[in-house]
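The values are calculated or read from the model by the stated rules, or taken from the named source; none is laboratory data. Predicted model, so just to flag it, every value in this text is computed and none were measured. Quick reminder, even Gly has a Cβ in these numbers, built from the backbone with ideal geometry, and neighbours come from all protein chains shown.
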Amino acid sequence: MDKVSEFQKQQIMDIYEALKKYVSEMDIENEDAYYRIRAVIERKKLVLPETIFNAILQFMDNVVEEYVFEAEYPAFTEEEAEYENGVMNIKTDAAFNKLMSQFLERLQELDEKIDHFAVNELKAYLLG
């Protein structure tokens, strides 16, 4: 494991906080928000040890990216919703609640994955 300076620890925390903010602001399906976080990470390439930088990028590629580009929507009947010109039109409160429930579950799931990654991959560097 690479030894990290206090400055590098702060850079790691900045990335973790950016990921947590991404979830708390409910931006998980927003490509622009995703690319802003990628840019934050890329700017830290020169100051982070390669192993940490690569682990963070791999987490972004293998976990976070899925939430952005492979958004899942519940199956709706024609009475609940319809797709028109690539836009989903929700027709009932029940359908809206179903959509929001699934979205909130995905938010919680990603939030837990971020915390799991932080504990398993980043914590040792922050405490070392």
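Applying the set (1) over 30 Å from V4 (Cβ atoms); (2) out of contact with any Ser or Thr (no Cβ under 6 Å at 6 or more places or on another chain) to F53 leaves exactly one unmet item: (1). Taken together, K21, K98 contain a single residue that is farther than 25 Å from D2 by Cα, at pLDDT 95 or above and among the basic types (K, R), which is K21. For the criterion of being under 14 Å from K113 (Cβ atoms) and at pLDDT 95 or above, N54 fails. When every residue of segment 96-110 is checked against the conditions, at least one turns out to be touching a residue at least 12 places away in the same chain (Cβ under 8 Å), crowded, with 17+ Cβ neighbours inside 10 Å and touching a Pro at 6+ places or on another chain (Cβ under 8 Å).
Pairs are defined by a Cβ separation below 9 Å, a sequence spacing of at least 6 or placement on different chains, a first member in segment 56-85 that is without any contact (Cβ under 8 Å) to a residue 40 or more places away in the chain and within 21 Å of E105 (Cα to Cα), and a second member that is crowded, with 18+ Cβ neighbours inside 10 Å and aromatic (F, W, Y); the pairs so defined are M60/Y34; E65/Y34; F69/Y34.
Looking at this structure, is I114 touching a helix residue (DSSP H, G or I) at 6+ places or on another chain (Cβ under 8 Å) and farther than 20 Å from N54 by Cα? Spelling it out, it is not the case that I114 is touching a helix residue (DSSP H, G or I) at 6+ places or on another chain (Cβ under 8 Å) and farther than 20 Å from N54 by Cα.
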